[in-house]
Amino acid sequence: MNEQNWNHYAPETQAIRAGHNRTDEDEHSMPLFMTSSYVFESAEQAALRFTGKQAGNIYSRFTNPTVDVFQQRLALMEKGERCLAFSSGMAAIMAIGMGLLKAGDHIVSSRSVFGNTILMFENYFGKFGVGTDFVTLTDLNAWEAAIKPNTRFLFVETPSNPLIEIADIQALAEIAHRHGCLLVVDNVFCTPILQQPLLLGADIVVHSATKYIDGQGRCVGGAVVASNEIIDKYIYPYLRTGGATMSAFNAWVFAGGLETLVVRMKAHCDNAFELAKWLEQQSAVTKVHYPGLVSHAQHELAKRQQSHFGGVVSFELADGKDQAWQLINATQMLSITANLGDVKTTITHPASTTHGRLTPEVRAAAGIKDGLVRISVGLENIDDIKNDLLRGL
Ligand SMILES: *Cc1c(COP(=O)(O)O)cnc(C)c1O
């Protein structure tokens, strides 16, 4: 069963079985290859490997068997031809920009993307003469209107953080391709278990493996999934030269994380849906943002585009920041941290943490109110999570 073609297996099976070619030691579990370099049989073989004429390991900045297990599994699960792993989600986003863009190019991005993604586009790509326009993720006309002749790609994160709004990936892919651009989707919130953007027409999927893929908050890592053509032409050369490589140890943790991702995502979604319905009934809560609720503006789109509604819920309290902080401080079990995708439930106040660097005006325009609380629902018993929130409600 070593060199098996895993394409026709289900994601649960791919996540567990693909990528690991058993070595001469007959190990059952995936080995961890902690080696920076590899030995060649001859000078001739070394030369063939370096020129790419012979496949095989060269140096762990760009070839490592443990990293490759992770890459093969995630590529299969995302229905992409290839995956390359990076040292963090931000390094993966950086690689897309460094690979695809040149001075004078342009990006159209959702305004509701990870804060550091905005800083990357504005402060770093901007420094080299790449312009970015930010648009509202649900407004398809705004996306199309922002495209210029020099636009290279559209960048979207769906569902968004912290308001859990949904962008229509298929419609965005059509708009992008009509104008000769690529569509890049940050799939961190859904993972391939809930949403496969490449099947909806996206060209590149980017991940922070730090979140659900690890699932237990241990390692930082990222990945890019795309066609052979995009990887070979734009992403691999940059990884090999730029060197923001995923460590073998982290890949070993993440590849193990993928093995349980299906069951964890189902459990995260079940707990989150139950919590969202319960929050809607609490008198102190004025609004709940969760795409599984019929009250959510893109509920129908979420049903169509995702296989489940995700593990993150946010909600608003009437009395603003004081009430939000009071609720957060009253919890005894939930972790007060901005991280997400962990088996442990986390609670955060976006207006003073993840989105605290924005001016109050920009924050208001983005709909992030002072009374907003975001919860990444973990896998503890749902009644314990509710009871912990009840202390401050
Ligand atoms: C965390 C995160 C990132 C960045 O990933 P790191 O692994 O922290 O570098 C990018 N996008 C989203 C949606 C994230 O949640």
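Values in this text are rule-based calculations from the coordinates and carry no lab data. None of these values were measured; they are calculated from a predicted model. Please note: Cβ atoms are built from the backbone with ideal geometry, for glycine as well, and neighbour counts cover all protein chains shown.
Which net charge results when you count Lys and Arg as +1 and Asp and Glu as -1 among the other residues whose beta-carbon is under 12 Å from that of residue 341? Residues near residue 341 contribute +2 overall. Shape class for the range 114-169, computed from the alpha carbon gyration tensor (a ≥ b ≥ c): oblate, with a/c not under 1.5 and a/b at or below b/c. In a fully extended conformation the segment linking residue 277 and residue 81 would gain 66.7 nm over its present Cα-Cα distance, using 0.36 nm per residue.
Here each label is just a point 7 Å from Cα along the line to Cβ, and for residue 41 and residue 122 those points are 5.6 nm apart. Each principal axis of the range 262-390 carries a Cα extent, and these read 38, 34, 27 Å when sorted largest first. Between residue 178 and residue 233, the simple spin-label model (points 7 angstrom out along Cα→Cβ) gives 2.3 nm.
One chain, two ends: residue 34 and residue 343. Fully extended at 0.36 nm per residue, the span grows by 108.5 nm beyond their Cα-Cα distance. Among the lysines of the range 3-259, pairs that are 8 or more positions apart or on different chains and have alpha carbons within less than 23 Å of each other number 7. With a Cα cut-off of under 18 Å and a minimum spacing of 8 residues unless on different chains, the lysine pairs in the range 262-390 number 11.
Applying the criteria of a DSSP loop state and at most 15 other Cβ atoms within 10 Å to the trypsin sites (Lys or Arg not before Pro) of the range 4-59 yields 22, 53.
Among the GluC sites (Glu not before Pro) in the range 28-86, which ones are in a DSSP loop with at most 12 other Cβ atoms within 10 Å of the Cβ? Mind listing them? Those that pass, being in a loop and sparsely packed, are 41. Here the calculated FRET efficiency for residue 322 and residue 300, from their Cβ-Cβ distance with R0 = 35 Å, stands at 0.45, rounded to the nearest 0.05.
For residue 240 and residue 24, the difference between the fully extended length at 0.36 nm per residue and the C-alpha to C-alpha distance is 74.9 nm.
Express in % the proportion of alpha carbon pairs of the chain at distances exceeding 39 Å.
It works out to 18 percent of all Cα pairs.
Here is how the number arises for the chain: DSSP H runs of 4 or more residues each give -39500 (n - 2.57), the sum is divided by the residue count, and the result at 222 nm is -10000 deg cm²/dmol.
Loop-located trypsin sites (Lys or Arg not before Pro) in the range 302-393 (DSSP state other than H, G, I, E, B) with a sparse environment of at most 10 neighbouring Cβ atoms within 10 Å are absent.
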